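Student: Mind having a look at this structure? Questions to follow.
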Amino acid sequence: MESLLTDTELGFKKDVREFVKQELMPHVDEWERRKVYARESVKKFADYGLFGILSPPEYGGLGGTVTEYLIASIEVARASVSLASIFGSPAGIFTDALLKFGTDEQKQRYVPPVIAGDMIACFAVTEPAAGSDAASLTTTATRDGDDWIINGAKTFITAGDVGDVVLAFATVDKSLGAKGITAFVVEKGTPGFTVGKVEDLLGLHASSAAELFFRDCRVSGSAILGEIGKGLRIAFASLDLGRIHVSGQAIGLAESALEATLIYTADREQFGRPIGDFQGVQWMLADMSVMVDAANLLALRAARMADAGKPYAAEAAKAKLYAAECAAEVARKAVQLHGGYGCTTDMPVERYYRDAKLIEIYEGTNEIHRAVIARSLRS
Ligand SMILES: Cc1cc2nc3c(=O)[nH]c(=O)nc-3n(C[C@H](O)[C@H](O)[C@H](O)COP(=O)(O)OP(=O)(O)OC[C@H]3O[C@@H](n4cnc5c(N)ncnc54)[C@H](O)[C@@H]3O)c2cc1C
C-alpha cells in the first residue's frame with residue numbers, strides 16, 4: 001500500500017507506528033493475558049489525538065481523512081486487534097454518527113469527552129435474537145409525555161461493561177418494521193440501564209463484549225439521535241465506515257502474521273536447512289503476501305472513495321469481507337508454518353489465529369457481506 005500513499009499519509013503512518021511501538025506494544029502481552037478491557041490504552045489513544053482522527057478541530061479532533069483512519073487502524077492492529085477495537089468506535093462509528101446526525105447540544109455533550117478519552121462510547125444494535133437481521137430488533141421505546149421508556153436487551157456490545165455512553169437502537173413501533181427503528185443516546189447511570197454478562201471470548205482478550213439491559217429505562221426526548229424511525233439508516237451509514245476500520249484490523253493482523261512467519265521460517269531449520277528454503281513453504285508465503293496486498297488495495301479503494309464523498313457501501317463490504325478472509329487464512333498458514341510452537345501462547349501467531357476468527361463475524365459476517373455485495377451487483 002505504501003506506494004499509493006501521499007507523503008503526508010506516509011508520515012502519519014510512520015508516526016502512528018512509532019506511537020504504537022512506544023506506548024502500546026510494551027503492554028500488549030500483559031493486557032491480552034489479563035482478559036479485561038484495556039482501559040489504560042484509552043488515555044494513550046486520546047492523548048496522542050487518535051480518537052479525534054475524523055472529528056473536526058472545533059470538537060477537539062484532528063480533522064483527518066478516512067484513509068488516515070484506515071492507516072491508524074492497520075497500525076494499531078499490527079500490535080493488537082483488541083486495541084484496534086478499543087480505538088475504532090470513539091474514533092469512528094460513535095463520533096461519526098453523532099457528528100452527522102446529532103444536534104449541536106448532543107455533539108458538544110458527547111464528542112469532546114469521547115475524543116479526550118473521558119467517556120467510553122459503545123454502539124449497540126445486536127440483540128439475543130437479532131444479529132445479522134438487525135431490522136428485526138425488538139428493544140422497544142415507548143413515548144411517555146416528552147420522555148421515552150426503553151425496554152430490551154443488547155448483546156455482544158464492545159466495551160459494554162466499561163462504557164459511559166451507548167448509542168442504542170430501539171423500535172418505537174414494531175408494526176413499522178425497519179421504519180420504526182430509532183437511535184437513542186443513553187448514559188451510564190440512567191435508572192433501568194444495566195450491564196449483564198461479559199462474554200468469555202475466543203479472541204480479542206484485551207477488549208470486551210457485554211450484554212446490556214434496559215428495564216423501564218426513562219430517557220428524555222433529547223436522547224434521540226436524528227429522526228424517529230431513521231435509526232437503521234444511521235446504523236448502516238456508520239457501519240459502512242466501521243467496515244473500513246475492521247478491514248484495517250484484519251490487514252494489521254495479517255501483516256504481523258506474515259512478518260512473524262517470514263522471520264520464523266528463515267530461522268527454523270529442518271532437514272539441515274531453514275524451512276523457508278523449501279518451495280512448499282515459499283509458495284505459502286507468496287500466497288499470504290498476495291492476500292495481504294489485495295486486502296490493502298480493496299480497503300484503500302473504499303477509504304479513497306469515502307474521502308472523495310462518493311458512495312462506498314459495496315466497496316467497504318468487499319474490503320471487509322476479503323480482509324477478514326485474508327486475516328483468517330494468513331493466520332492459519334502462519335500457525336501451520338510455526339508448527340507445534342505456533343499452537344503455544346509463546347508465539348504471537350496463536351493470538352492472531354484466534355482474533356482473526358472473530359473478525360469474520362463482527363461488523364457483519366462473511367455471509368452477510370456476500371449478500372450485501374450481491375445486492376449491489378443487481379441494483
Ligand atoms: C467480539 C464481538 C464484538 C461485537 N461488537 C458489537 C458491538 O459493539 N455492537 C453490536 O451491535 N454488535 C456487536 N457484535 C455482534 C455482531 O455484530 C454479531 O455477532 C453479528 O452481526 C452476527 O450476528 P449473530 O452473532 O447473532 O449471528 P447470526 O445472525 O445468528 O448468524 C449465525 C450464522 O448464520 C449466518 N447467516 C445469518 N443470516 C444469513 C443469511 N441471510 N444468509 C446466509 N447466512 C446467514 C451468519 O453469517 C452466521 O454464520 C459483536 C460481536 C462480537 C463477536
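Just so you know, all these numbers are worked out from the coordinates, no wet-lab data involved. Keep in mind it's a predicted model, so treat the numbers as computed, not measured. Heads up, the Cβs are rebuilt from the backbone with ideal geometry, glycines too, and the neighbour counts pull from every protein chain shown.
Student: Inverting the mean 1/r over all pairs of different Cα atoms, compute the Kirkwood radius of the chain and quote it in Å.
Tutor: For the chain, inverting the mean 1/r across all distinct Cα pairs yields 21.1 Å.
Student: Placing +1 at every Lys and Arg Cβ and -1 at every Asp and Glu Cβ, with all other atoms neutral, what dipole size does the range 2-115 have around its Cα centre, in debye to the nearest 20? Please list the in-between numbers first.
Tutor: Values: 14 positive and 17 negative charges, 85 e Å.
Computed about the Cα centre, the dipole is about 400 debye.
Student: Moving to a separate point now. Please sort by residue number the chymotrypsin sites (Phe, Trp or Tyr not before Pro) in the range 229-282 whose DSSP state is loop and whose Cβ has at most 10 other Cβ atoms within 10 Å.
Tutor: Phe271
Student: Post the alpha-carbon centroid distance, the range 305-379 to the range 136-185, in whole angstrom.
Tutor: Each part's Cα centre sits 29 Å from the other's.
Student: Give me D for the range 2-115 in µm² s⁻¹, whole number, from Stokes-Einstein with Rh from the Kirkwood sum over alpha-carbon pairs, 4 °C and 1.567 mPa s.
Tutor: The calculation lands on 89 µm²/s.
Student: Please turn the phi angles of the range 157-172 into ³J(HN,Hα) values with the Karplus equation 6.51 cos²θ - 1.76 cosθ + 1.60 (θ = phi - 60°), one per residue in order, whole Hz, x for glycine and proline.
Tutor: Working through the residues one at a time gives 8, 4, 6, x, 6, 10, x, 9, 8, 10, 8, 10, 9, 9, 9, 8 Hz.
Student: Apply 1/(1 + (r/R0)^6) to the Cβ-Cβ distance of Ser3 and Phe278, taking R0 = 30 Å, and write down the FRET efficiency to the nearest 0.05.
Tutor: The pair Ser3/Phe278 has a calculated efficiency of 0.50.
Student: Continuing with the same structure: Cut-off 18 Å, label point 7 angstrom out along Cα-to-Cβ of Arg218: give me the residues of the range 156-188 whose amide nitrogen falls inside.
Tutor: Taking a point 7 Å out along Cα→Cβ of Arg218, the residues of the range 156-188 whose backbone N falls under 18 Å are 185-188.
Student: Give the residues of the range 276-291 whose amide nitrogen is closer than 18 Å to a point set 7 Å from the Cα of Tyr341 in the direction of its Cβ.
Tutor: Residues 276-278, 281-282, 285 qualify, since their backbone N sits under 18 Å from the label point.
Student: Applying 1/(1 + (r/R0)^6) with R0 = 51 Å to the Cβ-Cβ distance of Asp164 and Glu269, what FRET efficiency is obtained, to the nearest 0.05?
Tutor: Once the sixth-power term is evaluated, E becomes 0.45.
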